[in-house]
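Below is one structure; the comments refer to it alone.
Values in this text are rule-based calculations from the coordinates and carry no lab data. Model, not experiment: these values are computed from the prediction. Glycine gets a Cβ as well: all are built from the backbone with ideal geometry, and neighbour counts include every protein chain shown.
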Amino acid sequence: MRLYAVVAAGGFRRYATYRTATAAGVFTNTVFGFIMAYTYVALWDERPQLGGYDMPQALTYVWLGQALLMTCAMMGGGFEDELIERIRTGDVAVDLYRPVDLQLWWLAGDLGRATFHLLGRGIVPMLLGSLAFDLALPASPGVWLAFLVSVALGVVVSFAIRYLVALSAFWLLDGAGVSQMTALAGMFFSGMLLPLTLFPGVLGDVARVLPWSSLLQVPADVLLGKSTGWGLVEAYAFQGGWALTLLLVGRLVQSVATRRVVVQGG
Amino acid sequence: MAETAGAVKVAEAADTPEVVFVERSRLVEGVRAYGLIATMWLRSTMAYRASFAMTAFGNFAVTAFDFVAILLMFQHVDALGGYTLPEIALLYGASGTAFGLADLVMGSMDRLGRRVRDGTLDTLLVRPVPVLAQVAADRFALRRMGRITQGVLVLGYALVTLDIGWTPLKVAMLPLMLLSGAAIFAAVFVAGAAFQFVAQDASEVQNSFTYGGNTLLQYPPSIFAKDLVRGVTFVVPLAFVNWLPALYVLGRDYPLGLPDWVAFLPPVVAGLCWLLAGLAWRSGLRAYRSTGS
């Protein structure tokens, strides 16, 4: 357990080293936040209460998306490129006979990364957004706490998806294609482009039950006070269920894949 | 280094015909080198065909999703900022195509910061080929055709559905808009790379002007705050990529009460952008100090 805490701290520090990059990232998130916020204003001007959100809630949703984009790695990023490279070169063989669990090792590092991105790239754009627009941020610390739990679950779901993406390199060797497809799905089905409540009919129903909605839509609804009481329990169960399922699938695929490593001979 | 050597040569033999030869061959050499490097990367990508197919499709789809988001918005409204869906499609298609062209040719420029950091830029400096061509062609990615295809399709949809009173000037405006727009975006790519000589790991700042600019231009200027529109008209002149020429085609009022003739300025603005970006690139390259690794 202590080992994984150290790995997580390492993941945090690793990203904290790049200060200019973080500042540049904050700049980008803010620019995109402004562009999207203006399009949302135009949309909600025409149709107040669209998708069940009023204007301040919709704008909060925009800035939350920017704040969580890197934290929940909605478009991918973080460890999977590195793991794919290790699989491609055969270095993963070294990792496999280390006395640590491969999946937990990378998960710990990714949690550290996510924590850094939440603090480093989440808070400032959110603050700037709240200065420029009227946002619906909750006053109660309980809601914020509930939100943070939901974000943490979202990060685990995101990790579990990206771990599967990385494992695909055992078969494809080059992971670029799968990474990109997952990034696309992540961006669209997390609700990054538009809240999933605005998706029509079956598309909306499907989008809401896919794992990606755990990355933004669910945490956003927790912060906006849409999921309270049993609704909150349901939201956690949804995220936790996907996290567990995907992590288990990851283990299964890993055990199949590691037999392949031997075949490939490194 | 290569740049300085060239400049010294020019100064030494100011008016011999040889100088003209040197200058022209540098340009030709640059284009030739670009072609060679691009071809090499093309072959390398084709080694993983499944991955190429997926990334090309992904490149198509990533921007397509932007348009899907707009389509989803129009499920709920008839107009956004006073513009109908086909009108927004024209803005979107024009910007997307122009940006796609610039991205295909110059999209690798945002890797410059990484090259400065890991010292691989030094390798490019000692080669007798213009550095700009080498950086731009690095990891040339044909998959970026996906983005262009998507932009052209949306543009096509707009032109079919819109009811425009075509005049020869309006027809001429279309290719002019796409080419000048691509040139303006390309200049932003070069300027952004020049900035990375100073701020080595700030490629995201460049992204917010390129990708962010493209996203901004997909929507009509009427929905943005005046100051933002002023900024992308007079500071980073992205408004000339599609807003001003497309609004002329649509017969719409320009933002900020600009006069009619500004719609014809994109080629001039593109030229100016290239001049400034070129100067920035040169001074960035001159100021470059290797990490030594």
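Can you check what the net charge comes to around B:Thr291, using other residues whose Cβ is under 14 Å from the Cβ of B:Thr291 (Lys, Arg +1; Asp, Glu -1)? Net charge in that neighbourhood comes out at +1. Cα-based values for chain B, radius of gyration first and Dmax second, are 20.6, 68 Å. If a/c stays under 1.5 just call it rounded; otherwise compare a/b with b/c (prolate if a/b is bigger, oblate if not). Do that for the protein assembly as shown, with a ≥ b ≥ c from the square roots of the Cα gyration tensor eigenvalues. Oblate.
May I ask you to list the trypsin sites (Lys or Arg not before Pro) in the stretch A:1-105 that are in a DSSP loop and have at most 12 other Cβ atoms within 10 Å of their Cβ?
Counting only loop positions with at most 12 other Cβ atoms within 10 Å, none of the trypsin sites (Lys or Arg not before Pro) in the stretch A:1-105 qualifies.
Local charge for B:Ala246 was computed over the other residues whose Cβ lies under 11 Å away, with Lys and Arg +1 and Asp and Glu -1, and equals +1. Around the Cα centre of the stretch B:217-293, unit charges on the Cβ atoms of Lys, Arg, Asp and Glu (plus for the first two, minus for the last two) sum to a dipole of about 400 debye.
Projecting the Cα atoms of B:Gly58, A:Ala132, B:Val129 onto the charge dipole of the protein assembly as shown, computed from C-beta unit charges around the Cα centre, puts B:Val129 farthest toward the positive end. The value of relative contact order for the stretch B:215-261, using C-alpha pairs under 8 Å at least six residues apart, is 35 percent. Against chain B, whose longest principal axis is taken from its Cα atoms, helix B:49-73 shows a tilt of about 40°.
Scanning chain B for trypsin sites (Lys or Arg not before Pro) that sit in a DSSP loop and have at most 16 other Cβ atoms within 10 Å, the longest stretch containing none of them is B:1-138.
Dividing the summed -39500 (n - 2.57) terms of all DSSP H runs of n ≥ 4 by the residue count of chain A sets its mean residue ellipticity at 222 nm at -24500 deg cm²/dmol. Among residues other than A:Phe79 with Cβ under 13 Å from its Cβ, the summed charge is -2 (Lys and Arg +1, Asp and Glu -1). Derived scalar couplings between HN and Hα for the stretch A:53-66 equal 10, 8, 4, x, 5, 4, 5, 4, 4, 4, 6, 5, x, 5 Hz in order, rounded to whole Hz, by the Karplus curve 6.51 cos²θ - 1.76 cosθ + 1.60 (θ = phi - 60°), x for Gly and Pro. Considering only A:Phe12, A:Val62, A:Tyr40, the residue lying farthest towards the positive end of the dipole of the stretch A:1-130 is A:Phe12, judged by Cα position with unit charges set on Cβ.
How many angstrom lie between the Cα centre of the stretch A:181-211 and the Cα centre of the stretch A:26-79? Cα centres, the stretch A:181-211 to the stretch A:26-79: 14 Å. Mean sequence separation of contacting Cα pairs (under 8 Å, at least six apart), scaled by the length of chain A, corresponds to a relative contact order of 26 percent. When only Cα pairs below 8 angstrom with a gap of at least 6 residues are kept, chain B shows a relative contact order of 26 percent. Normalised by 2.2 N^0.38 Å, where N is the number of residues, the alpha-carbon radius of gyration of the stretch B:165-290 equals 1.14. Along the axis of the charge dipole computed for chain B (Cβ charges of +1 for Lys and Arg, -1 for Asp and Glu, origin at the Cα centre), the listed residues B:Trp261, B:Met109, B:Pro221 are led at the positive end by B:Met109.
Of the residues A:Val151, B:Val62, the one with the fewest other Cβ atoms within 10 Å heads the list, and the complete ranking is B:Val62, A:Val151. Where only DSSP H runs of four or more residues are counted, chain B gives -23500 deg cm²/dmol as its mean residue ellipticity at 222 nm, each run worth -39500 (n - 2.57).
Output the 0 to 90 degree angle, nearest 10, between the alpha-carbon long axis of helix B:85-106 and the longest principal axis computed from the alpha carbons of chain B. With both axes taken from Cα atoms, the answer is about 10 degrees.
Counting only alpha carbon atoms, the long axis of helix A:2-16 and the longest principal axis of chain A meet at about 60°.
A Cβ-based charge dipole, computed about the Cα centre of the stretch A:1-153 with Lys and Arg at +1 and Asp and Glu at -1, lands at about 480 debye. With neighbours defined as other Cβ atoms within 10 Å of a residue's Cβ, the residues B:Ser222, B:Ser290, A:Ser190 order from fewest to most as B:Ser290, B:Ser222, A:Ser190. Using Cβ point charges alone (K and R +1, D and E -1), the dipole size of chain B about the Cα centre works out to roughly 700 debye.
Return B:Ile164, A:Ile161, B:Ile88 ranked ascending by Cβ neighbour count within 10 Å, so the fewest neighbours appear first. In order of increasing Cβ crowding within 10 Å: B:Ile164, B:Ile88, A:Ile161.
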